[in-house]
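Peer 1: Pasting a structure here, questions to come.
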Amino acid sequence: MTLNGTASSTSQTGIVDPNHAALPVNQFDSAANITPPSAKPLVVTFSNLAKKLETYLSPADMKRILEAFRFADEKHLGQIRKSGEPYISHPLAVAEICAGWKLDAQAVMAALLHDVVEDQGVTLDELIERFGAPVAAMVDGLSKLEKLQFKTHVDAQGENFRKMLLAMARDVRVILIKLADRLHNMRTLDVMNRSKQFRIASETMEVYVPIAHRLGINNLYREMQDLAFHRLYPYRYEVLSKAIQASRGNRRVLLGKVHDSVSTALEKNGIHAEIYGREKTLYGIYRKMRSQNLSFSQVLDIYGFRIVVETLPQCYMALGVLHALYKPIPGKVQDYIAMPKLNSYQSLHTTLIGPYGAPVEFQIRTPEMHHVAETGVAAHWLYKSENETLTDLQKHSLGWLQSLLDIQQQTGNSAEFFEHIKVDLFPDSVYVFTPKSKIIALPRQATALDFAYNIHTDVGDHTASVKINNSSVPLRTELQNGDIVEIITSPNAHPTPKWLEFVRTGKARSCIRSYLRSVNQSDSIKLGKRLLQQAFKSQHLNEAEIPQAVFDKLLYETGSKSLDDIYIDIGVGKRLAALVARRVVGLIDEVNRKKGMSTAEEEPQKVEPVLIYGSEGINVQLATCCLPIPGDSIIGELNMTRGLVVHNAECQQAKKLMAKEPEKWINVDWGEDLGNRSFDCYLRVLVHEEKGVLARVTSEISGANANITAVSMEAQGEFTMFKFTIQVENRVHLANLIRRVRHVPSVRKIGRDNI
């Protein structure tokens, strides 16, 4: 009995290959109709895979793949999946999916062998000897790091993900095999318990679905999305599936009329085209209902059409024919041919007002564009020439693959790398121009600073200002389609922690963090040492009396080279000083037990607050949400990107953050000698609108020896709200200033802002 690999994927997603017969317009297949395997085979054969491979591979390649199958079958002999199937059925099904994408022989061999290292203890040397280094490298990239110990699940997930993506950056076939592996696991998830189904489906939706979309493998992207949706929200899935089934009959007449009209109009204009019905995926409909707060009956663009024409000029000719036939909806025409998406997707999109006022979406493309749109990076293997290398294919597919290596070099740990990559797994893009008219594609909501880092790391690090369409704008300005962006650099300009608050791309984030780590190590060490010493006091520990053997073991457990590394991690918020101190106590107990000594249990002392002077440097920051000043009750947040962030104890945002992650908060207090430093503070002043009132208010503020750094105003009927950012020495200074401003007759209310 043979396994069915990808035969069902076409019908599940409603996509029709141009090489196959066209679906009649009234026959829509949806990803809602996901059918689990009907039978569990007791015997697995190579024949079904062989039939697919024979269509595009040579007999020599077939022989090598058969050898890999026999090797994998031998190693997995006796191993059974939870479904009761022989385990070899899984790698065989993965190989069949890869064969459906027409991947080369090496990739299919790696698909068959992808679990032999992880599950059966086969060495990479053995794989290199039998099947060659490229196959072994792919299998290694696919193997999890089960034998290594990680502190948390996040660390393990991050490290596995990092290994897979770096292997992918060197050879894109790794991720294609991994996606095929995940697809088959999702198709056979029924046998798992509910909690495991939910965990795997969540990971799929969070990581693998965006990767498939990012690589342009749309048929896989849509199927995996719906499979994950089915496991995450089974009741919603079933309700929506039934609603789709019921609506098909109601809309059949409308769609048939549109199909006939479009077909006739194209023929009259001498355009030969294949017209296919297209249906939104269940999750796509669900997401639109959630994002726009719509009922199912209000989602009108469930169905649409895909028009495949012979040549590129005919794409634009067909667009003109459609616009002459039906009225286009303004703003709903997108040219992804002239400006392809980041995943190489090309098509013309337009939404028209069809019969009875119903909107109908059309996608127009050539057969080559269609193939790339459905299979993305995998499509390039079909057109690979004998002289073309994998490197050529990588360049042809996505520059994003190579950027992974840049991010890896600038990233501190696996979890951080994972975070940066997830930021870059975006579905939409915006297209902007350099002053020399070069098109740059960036994720939607990307800022001018993201643009600078996209040009080059040095350009980003030294960005002083930016012009968009010849007008100076802030670095945090979000880019819009068609913007002309000019970056002005300065050798004196450098990244600041605030930049992390508004950049959107993984490359920008990793570059900024890399710079901050390099220039602020000494500050981080000082802060981390202070925090750890405070934590030691609470545990009745004297750092000078702790045996060196304890520190050596601590360094080994944390993977740190020296205590300075631990201080840095504490200083930037990656480790909690209290947890490190408690682990040191545990290590001391272990050492004492080995020596036969008893350790008395003592009640921990209350941790003394960390003193803040306002001049500690970049690793201690006053929160911009509340801007605390000396005299305020304060509390500190250990933030991974910004170090120690000091909030006013009454700050509402701080209270919300503390409720979510109380372990990241420590006691802080103001130092005694603050010198003559000034601190920013937000001030709100409500005044009755009168001529010259702003001048009188600002005069009183200046008279109180306070500096105004920013001011804004907002009309509120007959009143106006002034919002000042002022510089004061402390709470007493601010109180004196407020008393002076209250004497202005027009002032109705005055107080601190954001407290």
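The values are calculated or read from the model by the stated rules, or taken from the named source; none is laboratory data. Owing to the predicted nature of the structure, the values given are computational and were not obtained by experimental measurement. Neighbour counts run over all protein chains shown; Cβ positions are idealised from the backbone, glycine included.
Peer 1: Where in the range 476-567 are the helices (runs of 4 or more DSSP H), entirely inside, with at least 1 residues that are without any contact (Cβ under 8 Å) to a residue 40 or more places away in the chain and over 23 Å from ILE612 (Cα atoms)?
Peer 2: By residue number, 506-519, 548-558.
Peer 1: Answer with yes or no whether LEU479 is in the same structural domain as TYR453 (by TED's automatic domain parsing), under 25 Å from the mean Cα position of the chain (by Cα) and closer than 20 Å to LYS664 by Cα. Spell out the reasoning first.
Peer 2: Details: in the same structural domain as TYR453 (by TED's automatic domain parsing): yes; under 25 Å from the mean Cα position of the chain (by Cα): yes; closer than 20 Å to LYS664 by Cα: no.
The answer is no for LEU479.
Peer 1: Within the range 680-721, track down each residue that is among the acidic types (Asp, Glu) and surrounded by fewer than 17 Cβ atoms within 10 Å (Cβ to Cβ). Explain how you work it out, then say what you get.
Peer 2: First, pick out the residues of the range 680-721 that are among the acidic types (Asp, Glu): 680, 689-690, 700, 714, 718.
Once the filter is applied, which keeps residues that are among the acidic types (Asp, Glu) and surrounded by fewer than 17 Cβ atoms within 10 Å (Cβ to Cβ), the range 680-721 yields ASP680, GLU689, GLU690, GLU714, GLU718.
Peer 1: Shifting gears a bit: Can you find, within the range 312-354, the residue that is farthest from ASN454 (Cα to Cα) among those that are without any contact (Cβ under 8 Å) to a residue 60 or more places away in the chain and of a type in the set (S, T, N, Q)?
Peer 2: GLN314
Peer 1: Would you mind finding the one in ALA735, ALA659, ALA654, ALA710 that is farther than 30 Å from ARG575 by Cβ and either charged (D, E, K, R) or outside any strand (DSSP E or B) (or both)?
Peer 2: Numbers: ALA659 fails: farther than 30 Å from ARG575 by Cβ; ALA654 fails: farther than 30 Å from ARG575 by Cβ; ALA710 fails: either charged (D, E, K, R) or outside any strand (DSSP E or B) (or both).
Sole residue among the options that is farther than 30 Å from ARG575 by Cβ and either charged (D, E, K, R) or outside any strand (DSSP E or B) (or both): ALA735.
Peer 1: Condition first: in a helix (DSSP H, G or I) and without any contact (Cβ under 8 Å) to a residue 60 or more places away in the chain. Can you find one or more residues in the range 93-104 that meet it?
Peer 2: Going through the range 93-104, the residues in a helix (DSSP H, G or I) turn out to be 93-100.
Narrowing the set further to residues that are without any contact (Cβ under 8 Å) to a residue 60 or more places away in the chain leaves none.
There is no residue in the range 93-104 that is in a helix (DSSP H, G or I) and without any contact (Cβ under 8 Å) to a residue 60 or more places away in the chain.
Peer 1: Residues that are at pLDDT below 85, farther than 24 Å from HIS371 by Cβ and not charged (D, E, K, R): does the range 58-71 have at least one? Spell out the reasoning first.
Peer 2: Filtering the range 58-71 down to residues at pLDDT below 85 leaves none.
Scanning the range 58-71, I find no residue that is at pLDDT below 85, farther than 24 Å from HIS371 by Cβ and not charged (D, E, K, R), so the answer is no.
Peer 1: Here is a further query. As an exercise: evaluate SER47 against (1) modelled with pLDDT of 85 or more; (2) within 35 Å of the chain's Cα centre (by Cα); (3) of a type outside the set (Asp, Glu) and give the number of the one condition it does not meet.
Peer 2: Unmet for SER47, out of (1) modelled with pLDDT of 85 or more; (2) within 35 Å of the chain's Cα centre (by Cα); (3) of a type outside the set (Asp, Glu): (2).
Peer 1: Hey, another quick one. Search the range 273-287 for residues that are part of a strand (DSSP E or B) and pair each with any residue that is at pLDDT 85 or above and among the basic types (Lys, Arg) when their beta-carbon atoms are under 6 Å apart and the residues are at least 6 apart or on different chains.
Peer 2: TYR276/ARG306; ARG278/ARG306
Peer 1: Testing ARG677 on (1) basic (Lys, Arg); (2) over 30 Å from SER538 (Cβ atoms); (3) surrounded by fewer than 17 Cβ atoms within 10 Å (Cβ to Cβ), one condition comes back false. Which one is that?
Peer 2: Here ARG677 meets the rest and fails (2).
Peer 1: Suppose we filter the range 247-274 for residues that are surrounded by 14 or more Cβ atoms within 10 Å (Cβ to Cβ), at pLDDT 90 or above and closer than 20 Å to PRO355 by Cα; how many remain?
Peer 2: 5
Peer 1: Identify all residues within the range 105-133 that are of a type in the set (A, V, I, L, M) and either farther than 11 Å from ALA180 by Cβ or outside any helix (DSSP H, G or I) (or both); write none if there are none.
Peer 2: Result: ALA105, MET109, LEU112, LEU113, VAL116, VAL117, VAL122, LEU124, LEU127, ILE128, ALA133.
Peer 1: I would also like to ask the following. Determine whether SER472 is outside any loop (DSSP other than H, G, I, E, B) and either crowded, with 22+ Cβ neighbours inside 10 Å or in contact with a strand residue (DSSP E or B) (Cβ under 7 Å, 6 or more places away or on another chain) (or both).
Peer 2: So SER472 fits the description; yes.
Peer 1: Where the second residue is of a type in the set (Ser, Thr, Tyr) and the first is in contact (Cβ under 8 Å) with a residue 60 or more places away in the chain and lies in the range 186-198, which pairs have Cβ atoms under 7 Å and are six or more apart or on separate chains?
Peer 2: Note: pairs meeting the criteria are THR188/SER83; VAL191/SER83.
Peer 1: Still on this model: Would you mind stating whether GLY270 is in contact with a helix residue (DSSP H, G or I) (Cβ under 9 Å, 6 or more places away or on another chain), in a strand (DSSP E or B) and outside the structural domain of ALA180 (by TED's automatic domain parsing)? Step through it out loud before you land on a result.
Peer 2: Numbers: in contact with a helix residue (DSSP H, G or I) (Cβ under 9 Å, 6 or more places away or on another chain): yes; in a strand (DSSP E or B): no; outside the structural domain of ALA180 (by TED's automatic domain parsing): yes.
For GLY270, the condition - in contact with a helix residue (DSSP H, G or I) (Cβ under 9 Å, 6 or more places away or on another chain), in a strand (DSSP E or B) and outside the structural domain of ALA180 (by TED's automatic domain parsing) - is not met.
Peer 1: If you don't mind, there's one more thing I want to ask. Restrict the check to the range 99-106 and report whether at least one residue is in contact with a Ser or Thr (Cβ under 7 Å, 6 or more places away or on another chain), assigned by TED's automatic domain parsing to the domain that holds ALA136 and aromatic (Phe, Trp, Tyr).
Peer 2: At the first step, the residues of the range 99-106 found to be in contact with a Ser or Thr (Cβ under 7 Å, 6 or more places away or on another chain) are 100-101.
Then drop every residue that is not assigned by TED's automatic domain parsing to the domain that holds ALA136, which leaves 100-101.
Imposing the further condition that a residue be aromatic (Phe, Trp, Tyr) reduces the set to 101.
Scanning the range 99-106, I find at least one residue that is in contact with a Ser or Thr (Cβ under 7 Å, 6 or more places away or on another chain), assigned by TED's automatic domain parsing to the domain that holds ALA136 and aromatic (Phe, Trp, Tyr), so the answer is yes.
Peer 1: Listed residues ILE211, ILE244; which is assigned to a helix (DSSP H, G or I), modelled with pLDDT under 85 and more than 24 Å from MET369 (Cα to Cα)? Walk me through how you get there before you give the answer.
Peer 2: On the way: ILE211 fails: more than 24 Å from MET369 (Cα to Cα).
Of the residues listed, the single one that is assigned to a helix (DSSP H, G or I), modelled with pLDDT under 85 and more than 24 Å from MET369 (Cα to Cα) is ILE244.
Peer 1: Then there's this: Consider the range 674-688. How many of its residues are over 13 Å from ARG752 (Cβ atoms) and not aliphatic (A, V, I, L, M)?
Peer 2: 5
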